[in-house]
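Notes to accompany the following structure.
Every number here is computed from the coordinates shown, using simple stated rules; none is lab data. Predicted model, so just to flag it, every value in this text is computed and none were measured. Cβ sites come from the backbone with ideal geometry, for glycine too, and all protein chains shown count toward neighbours.
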Amino acid sequence: MPVQVTKICCIGAGYVGGPTCAVIALKCPHIQVTIVDLSQPRIDAWNSEDFELPIYEPGLVDVVKGCRGRNLFFSTDVDKGIKEADLIFVSVNTPTKKSGVGAGYAADLNYVELATRQIASVAESSKIVVEKSTVPCRTAESMRTILEANSKPGCRFDILSNPEFLAEGTAISDLFTPDRVLIGSLQTQEGKDACQSLAEVYSNWVPRERILTVGLWSSELSKLAANAMLAQRISSVNALSAICEATGANIDEVAGAVGFDSRVGPKFLKASVGFGGSCFQKDILNLVYLSESLHLPEVAAYWRQVVDLNEYQKRRFGKRIVDTMFNTITGKRIAVLGFAFKADTGDTRESAAITLIRDFLSERARINVYDPKVPESQIWLDLEEARPDIKLDAIQKQVSICQSAMEACADAEAIVIATEWKEFKEIDWEAVYANMKKPAFVFDGRLLLDAAALTKIGFKVTTIGRPSHIV
Ligand code: UDX
Ligand code: UDX
Ligand code: ADP
């Protein structure tokens, strides 16, 4: 018989666990949801009186305001959270391994394993354990083995895979009206019952026909596949953008025409300076690693090319900037507008802006950075990590962080749009032009700006997927 879930614990209060479980609490007032994390500052921020939450996500504050203290709690008491719950989400980080076997490709499952071991050692009653973090195929099997080997008499653990498909910046609307909720379970009676229990939770707001139940391995692989295919669309369109720049075709027109085919569809075909974010690269590299481990080198090579093309796109855009500015940017001031990996988030993981600035540093340019949401400390951390060969104070001699786009552009010779923040469209471009050195260059890596209008003002505009200076 499926268990009626009344208490949920979520281990990991990050970009995935935080918003997902906050929405569950909002939509299921009869369920108590406790989100736990090892990090005291993170939990303090979730609990802060003025709702200065640790992550920026449109609509999130309202969700938390709607249920914090009612049936949503944030705590560092991981053991208590585990003990009380009948269902536990494991939403810890799974970064790409930096050393050891599979370094650079495989996911680091250390955090998942530690959380799993903690569940096994403190649980005093049966639990449904839900793998929420994106993990390589068959991780659930490892979790099951650990839990079974360490469980106490009378404690049963059922493992489910329930990957999260939310995108940052639209997390709350994605969670409110998901395209689908995917739940994978063992195809045993107990597995199907556990699956039913979790499906009940989602059915409080998600139509039943959108809740898909599949086998554990299908569920795990579907998450990797979905991200790999989305990223592959971007690499495909970015590969075409290089052809457009060389031929005079316009990537927006090409992508628009291709996307009209209902078999392809219009979404997710925007050429860019390259995709970023914590998921795409990591998940594809995971798929590459999996394919190699399964002795499928052709499959591995196919997916690896999606990431290689993305690296090429970032390098290519940086090189185009240097080429256009008379083959040198040494000593020139460049305003980089946007540092987050996409608009409407403060997240910078794998952001294309980092690669661009890293390369500008090598060219000995002077760089002004402005992003409306990324904290200054994060920018320094990312640049320090990108350039381990130089000391932070040397980086700080070349890079200034600005408080507005206007300030960043003052006295610059070029402006680079690295993130598609809407506010960059609304800049007073006439005023910006007046304050810049001439010729004043704009490099639009996000197809964001009206190139014709900027050209009219006097800017030399270069846009991804279009030949230089042709509007
Ligand atoms: C992605 C998936 O969309 C989501 O389903 C999954 O759960 C996590 O990974 P996220 O990384 O948050 O979400 O953002 P997404 O909107 O997918 O963008 C990823 C990157 O691709 C960004 O850098 C974005 O700017 C870029 N992108 C996206 C493009 O360059 N062009 C596009 O057409 C779409
Ligand atoms: C294709 C394009 O669809 C059409 O728009 C263009 O004008 C000409 O090329 P066609 O080659 O006639 O049309 O058939 P299509 O239905 O696209 O199938 C092409 C091949 O892909 C077939 O061998 C088909 O069996 C295969 N296919 C198609 C799959 O293996 N899986 C699919 O999901 C779809
Ligand atoms: P994601 O984008 O996958 O949500 P984040 O890094 O934003 O990843 O969040 C993962 C969170 O999980 C971090 O806040 C981290 O402190 C927390 N975490 C990792 N391991 C544990 C653990 N064993 N117990 C509790 N929290 C953990």
With at most 11 other Cβ atoms within 10 Å, longest stretch of the chain clear of loop chymotrypsin sites (Phe, Trp or Tyr not before Pro) (DSSP): 1-259
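So which of Lys373/Lys460; Lys267/Lys314; Lys132/Lys391 end up more than 31 Å apart, counting from Cα to Cα?
Check vs 31 Å cut-off fails for Lys132/Lys391.
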Global size of the chain as Cα Rg and Dmax, reported in angstrom: 23.8, 76
Centroid-to-centroid separation of the stretch 391-420 and the stretch 106-172 [C-alpha atoms, Å]: 42 Å
Long-range HN-HN contacts of Val416 with modeled amide H, under 5 Å: Ala335, Val336, Leu337, Phe443
Cut-off under 5 Å, modelled amide H: who pairs with Ala365 long-range: Gly331
In order through the stretch 109-114: 3J(HN,Hα) via Karplus (6.51 cos²θ - 1.76 cosθ + 1.60), integer Hz, x for Gly, Pro: 9, 4, 5, 5, 5, 4
C-alpha long axis of helix 352-362 to longest principal axis of the chain, angle in °: 50 degrees
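How large is the Rg to Rh ratio of the stretch 131-218 when both quantities use alpha carbon positions and Rh follows Kirkwood?
1.00
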Whole-Hz ³J(HN,Hα) from phi, Karplus 6.51 cos²θ - 1.76 cosθ + 1.60, for the stretch 312-320, glycine and proline x: 4, 4, 5, 4, 4, 5, x, 5, 5
For the chain, with +1 on Lys and Arg beta carbons and -1 on Asp and Glu, the positive-most of Ile183, Leu356, Pro19 along the dipole: Leu356
Loop-located trypsin sites (Lys or Arg not before Pro) in the stretch 356-405, at most 14 other Cβ atoms within 10 Å (DSSP): Arg364, Lys391
Charge context of Lys192, other residues only, Cβ under 15 angstrom, K/R +1, D/E -1: -3
Sparsely packed trypsin sites (Lys or Arg not before Pro) within the stretch 243-312, loop by DSSP, other Cβ within 10 Å at most 10: Arg263, Lys267
Distance between the stretch 45-99 and the stretch 1-30 - C-alpha centres, whole angstrom: 9 Å
Mean ellipticity per residue at 222 nm, deg cm²/dmol - from DSSP H runs of n ≥ 4 across the chain, formula -39500 (n - 2.57): -13500 deg cm²/dmol
Shape of the stretch 307-463, Cα gyration tensor, a/c cut at 1.5: rounded
Counted charge near Ala140, where neighbours are those whose Cβ lies closer than 13 Å (Asp, Glu -1; Lys, Arg +1): -2
Rg/Rg_globular for the stretch 7-206, with Rg_globular taken as 2.2 N^0.38 Å and Rg from C-alpha atoms: 0.98
Mean-position separation - Cα centroids, the stretch 181-256 and the stretch 300-368, in angstrom: 28 Å
Taking Cys28, Cys195 and counting other C-beta atoms within 10 Å, the order from fewest to most: Cys28, Cys195
Residue-wise HN-Hα coupling along the stretch 149-162, computed from phi with Karplus coefficients 6.51, -1.76, 1.60 (Hz; x: Gly, Pro): 5, 10, 7, 8, x, x, 9, 10, 10, 10, 9, 10, 10, 9
DSSP loop GluC sites (Glu not before Pro) with at most 14 other Cβ within 10 Å excluded, longest remaining stretch of the chain: 125-425
